[in-house]
Each structure stands twice: as structure tokens, then as C-alpha cells.
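Bear in mind that the values in this text are calculations on the coordinates, not laboratory data. Given the structure is predicted, the values throughout are model-derived calculations rather than measurements. A quick note on method: Cβ atoms are made from the backbone with ideal geometry, for glycine too, and the neighbour counts reach across all protein chains shown.
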Amino acid sequence: MEKSVSRPATFEDLKKVIRSLNEQNADYLLIGGYALYAHGLYRTTTDIDILTVPTKGAAQKIINALLVLPDKAAGGIEPSWFEEKDTIRLADEIVVDIMFNAASETYDTLKKYAEIVEIDGIPIKTLNLAGLLLTKKTFRDKDKTDRSILEQALKLLQKE
Amino acid sequence: MRRVGARKEAEIVYNASAEKLREGALFNDEMQKIMPQPAGFITKGAYHFKTHEEANSHWDKSLAKLVSNYGKKRFTPGNF
């Protein structure tokens with residue numbers, strides 16, 4: 001693979017990134033493909049998606065955490081980008097998307113759906129199914145498919 | 001509908017599960033290994049997008065470039 005492009009993230013990358021976020025006490029929620037896995041919805045993904053808070057304080061912690069990646073591309077992130085609440089894509093050896101809202105849901109609105117799972121001694125902050133479904137209410141085709149499956153599953157679970 | 005085989009579909013659960021996350025992540029690792037071409041396609045760097053649409057467009061364009069490059073390599077005259 002070309003060295004100038006990122007490669008797909010692996011399970012080991014996920015653990016490395018999350019461990020580093022935890023060490024920095026960063027406020028984050030794991031969303032996207034890896035969060036779907038935690039609920040039994042398996043489809044391929046190539047990146048790690050995290051939702052965080054739009055403050056300079058959060059920026060420094062997230063940037064420090066992502067400097068764990070080998071190319072140190074996080075050094076190119078401006079802390080002021082966080083306050084502008086825009087989407088940041090870090091393409092280091094792997095891609096990490098840093099978001100401040102997902103389908104208009106923010107870290108603060110999703111906090112009540114937060115759950116922690118522990119893998120190999122690493123606590124991972126993610127969302128329950130209801131919270132994850134809220135992040136999928138977007139126009140993207142990929143999200144429409146995910147949403148349809150999650151909505152059907154949620155209905156079945158509520159009947160039980 | 002006629003069911004062939006006895007493989008059980010993965011069960012979707014309300015509360016996040018460490019075991020399911022592990023299983024899904026390992027499944028993804030295996031799927032990436034069997035891809036016909038390397039699936040990395042975003043040029044390295046730190047990007048700042050004003051909207052999700054802009055971020056999605058960057059993703060799609062980068063993916064299209066990968067597919068196009070792969071096609072060029074595959075269909076070079078004499079490369080059949």
C-alpha cells in the first residue's frame with residue numbers, strides 16, 4: 001500500500017487509540033462502525049469515529065491522545081477547529097474522524113445513553129442502542145441501512 | 001422463504017457488549033485481509049471540514065480515486 005495514504009484501522013489500533021484517550025481523560029464517545037459491533041451489527045469499517053466536546057480543553061486532550069499514532073499527524077490539528085464545531089478528519093497511519101455532532105446529537109445530548117465496555121482492561125465509552133440509533137438519523141445511504149436494522153432490532157427488543 | 005444451512009445470525013443487543021465489539025472488530029480485520037486491493041485511500045494529513053457533507057464528499061472522492069487507480073493498473077494493455 002502507498003505510504004502516503006492511511007490504511008484501514010484494526011482492532012489493535014482501536015485499543016491503542018482508546019487507551020490513549022483514556023490516559024488523557026478525554027471526553028469522547030465511540031460511535032460509527034466499531035460502536036455498531038458492540039451491539040452485534042457487523043459490517044466492514046475502515047476508520048474510528050469519535051464524538052467529543054467542542055472546547056479548546058477537549059482539543060488539547062484529544063490531540064495529545066492521537067499523537068500516539070505513528071505519523072504524529074495530530075500535530076497538524078488546530079485547537080481552534082474544535083470551537084468551530086466542524087468535523088476533523090485525522091489521516092495518520094489510520095483514519096480517525098473527530099465529530100462534535102452526529103445527526104444533530106452532541107456529546108451532551110448523548111451522555112445519558114453512554115455505556116462503558118471493557119476490553120483487555122481498556123474501558124471503552126460508547127452508546128446503548130437507542131443512543132446509537134440517534135446518531136444514524138442522517139441522509140447517508142450507509143446510515144439509512146444501519147438505521148433500518150437498528151430500528152427493527154429496537155422494536156423487537158422492546159417487545160421482549 | 002426457504003432456509004438453507006443452520007448458521008445463526010448475530011443477535012443485536014440493546015446494551016453494548018465487549019464480546020460483540022471484539023467479535024465484530026476481529027471480523028472486520030479478517031475482511032480487510034481478504035480485500036482484493038489495499039483499502040486505505042485517504043491521503044495522510046489533518047483535515048478540517050465545515051460540514052458533514054464536505055467530509056463525506058472528501059471520503060467519496062478519495063475512494064473514487066482509489067478505485068480509478070486500481071482500474072488503471074488492472075486494465076493496462078497486456079495486463080490480462
(message) Quick check on my link table: of A:LYS125/B:LYS33; A:LYS142/B:LYS44; A:LYS85/A:LYS159; A:LYS85/B:LYS33, which ones sit more than 32 Å apart, alpha carbon to alpha carbon?
(response) A:LYS85/A:LYS159; A:LYS85/B:LYS33
(request) Based on the mean of other Cβ atoms within 10 Å per residue, sort peptides A:89-99, A:24-34, A:108-118, A:10-20 so the most packed one is first. (result) A:89-99, A:24-34, A:10-20, A:108-118
(request) DSSP loop (so not H, G, I, E, B), at most 16 other Cβ within 10 Å: list which GluC sites (Glu not before Pro) in segment B:1-35 pass both filters. (result) B:GLU9, B:GLU11
(message) At 7 Å along Cα-to-Cβ for each site, give me the label-to-label distance between B:LYS33 and A:ASP108 in nm.
(response) 4.5
(request) For A:SER4 and A:SER80, calculate 0.36 nm times their separation in residues minus their Cα-Cα distance, and state this gained length in nm to one decimal. (result) 24.7 nm
(request) Compute the Rg to Rh ratio over the protein assembly as shown from the alpha carbon atoms, using the Kirkwood formula for Rh, and round to two decimal places. (result) 0.98
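Only bridges whose two residues both fall in chain A count here: according to DSSP, what percent of them are antiparallel, nearest 5?
75
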(message) If I stretch the segment between A:THR55 and A:GLU93 completely, what's the gain in nm (0.36 nm per residue apart, minus their alpha carbon distance), one decimal?
(response) 11.1 nm
(message) Give the average, rounded to an integer, of partner chain Cβ atoms located within 10 angstrom of each Cβ in B:26-34.
(response) 5
(message) Could you give each residue of segment A:49-64 its phi-based ³J(HN,Hα) in whole Hz, using Karplus coefficients 6.51, -1.76, 1.60 with θ = phi - 60°, and x for Gly or Pro?
(response) 10, 10, 10, 9, 9, x, 10, 5, x, 5, 4, 4, 5, 5, 4, 4
(request) Give the whole-number value, in cubic angstrom per residue, of the convex hull volume spanned by the C-alpha atoms of segment A:11-128. (result) 97
(request) Using Cα positions and a limit of under 19 Å, work out the aspartates and glutamates in reach of B:LYS65, with same-chain residues fewer than 8 apart set aside. (result) A:GLU2, A:ASP47, A:ASP92, A:GLU93, B:GLU53, B:GLU54
(message) Run the numbers for A:GLU118 and A:ARG43: contour at 0.36 nm per residue of separation, minus the present Cα-Cα distance, in nm.
(response) 24.9 nm
(request) Summarise the partner chain shielding of A:90-97 as one whole number: the mean count of Cβ atoms from other chains within 10 Å of each residue's Cβ. (result) 4
